[in-house]
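For reference, the structure discussed in these notes is given below.
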Amino acid sequence: MFDLVADVERYPEFVPLCRSLKVRNRIPQPEGIEVVIANMTVAYKFVQETFTSRVTLDRPNLHILVEYLEGPFRKMENRWTFHPIGGQTCTVEFFLAYEFRSRTLALFMGAMFDTAFRRFSSAFERRADRIYGQKG
């Protein structure tokens, strides 16, 4: 599951509202950590916004941290933590917090983003089923 979430270039294929994702830079760090700087464009109807994030892929600790750098938000952060529970199974912990920079944009897009982010985890679950095969 870590690899599925870390494969940010594939997000436009399955993440709600994600129209494109361009990796600007990959910076290897010591001890198996990699930092990715990426631009993600999200769109809904006639509104399109691009924002830049720093994604820290901490493979040894099974942790992914996404930190907002620039775009339409005042702040945004999300964290993924993967807890192995045996064999090929894990529990995934996901946290997301965001606040729009503009009150107008928040009023216009806030409800739509809330709905999309609720569908976010389901999109990753469906993607995992397709890639790793559904366990039942």
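As I understand it, the dipole of the chain uses +1 on the Cβ of Lys and Arg and -1 on the Cβ of Asp and Glu, about the Cα centre. Which of Gln29, Leu65, Tyr98 lies farthest toward its positive end?
Tyr98
Could you check which residue among Val55, Val47, Val92 shows the biggest mean-square fluctuation in a GNM of the chain with a 10 Å Cα cutoff?
Val47
Which residue, Ala38, Ala106, Ala97, tops the fluctuation ranking in a GNM of the chain built on C-alpha contacts under 10 Å?
Per the Cα network of the chain with a 10 Å cutoff, Ala97 tops the list.
How high is the relative contact order of the chain, in percent, with contacts defined as C-alpha pairs under 8 Å that are six or more residues apart?
Numbers: 231 pairs, mean separation 23.6, N = 136.
Computed over the chain, the figure is 17 percent.
For the chain, give the magnitude of the charge dipole about the Cα centre (Cβ charges: +1 Lys/Arg, -1 Asp/Glu; no others), in debye to the nearest 20.
Numbers: 19 positive and 16 negative charges, 90 e Å.
In total the dipole reaches around 440 debye.
If you roll a 1.4 angstrom probe over the protein chains with everything in place, what fraction of the accessible area of the chain belongs to carbon and sulfur, to the nearest %? Each step should come with its number before you reach the end.
On the way: 4130 of 8360 Å².
The nonpolar share, carbon plus sulfur, comes to 49 percent.
Gaussian network model of the chain, Cα springs within a sub-10 Å range: biggest mean-square fluctuation belongs to which of Lys45, Lys22, Lys75?
Maximum among the listed residues: Lys45.
About the Cα centre, and with charges only on the beta carbon of Lys, Arg (+1) and Asp, Glu (-1), how big is the dipole of the range 16-64? Nearest 20 debye, please.
Working: 7 positive and 4 negative charges, 53 e Å.
Value, rounded to 20: 260 debye.
With a 1.4 Å probe and every protein chain left in place, work out the accessible area per residue of the chain in Å², rounded to a whole number.
Details: 8360 Å² over 136 residues.
Counting only protein heavy atoms, the per-residue value for the chain is 61 Å².
Which value, in Å² rounded to 10, gives the accessible area of Leu65 with a 1.4 Å probe and all protein chains present?
40 Å²
Stretch Thr115-Arg10 to full length: gain in nm at 0.36 nm per residue minus the Cα-Cα span?
Details: separation 105, 0.36 × 105 = 37.80 nm, distance 2.10 nm.
Length gained between Thr115 and Arg10: 35.7 nm.
What list of ³J(HN,Hα) couplings, whole Hz, do you get for the range 60-71 from phi and the Karplus terms 6.51, -1.76, 1.60, once you set θ to phi - 60° and write x for glycine and proline?
For the range 60-71, the Karplus-derived couplings read x, 9, 6, 9, 10, 10, 10, 10, 6, 10, 7, x Hz, x marking Gly and Pro.
Compute the length gained on full extension between Ser102 and Arg74: take 0.36 nm times their separation in residues and subtract their Cα-Cα distance, giving the result in nm to one decimal. Mind showing how you got there, number by number?
On the way: separation 28, 0.36 × 28 = 10.08 nm, distance 0.80 nm.
That works out to 9.3 nm of additional length.
The values are calculated or read from the model by the stated rules, or taken from the named source; none is laboratory data. All of these numbers come straight from a predicted model, not from anything done at the bench. Using ideal geometry, Cβ is built from the backbone for each residue, glycine included, and neighbour counts are taken over all protein chains shown. Note: areas computed on protein heavy atoms with side chains; ligands, DNA, RNA excluded. Shrake-Rupley method; radii C 1.70, N 1.55, O 1.52, S 1.80 Å.
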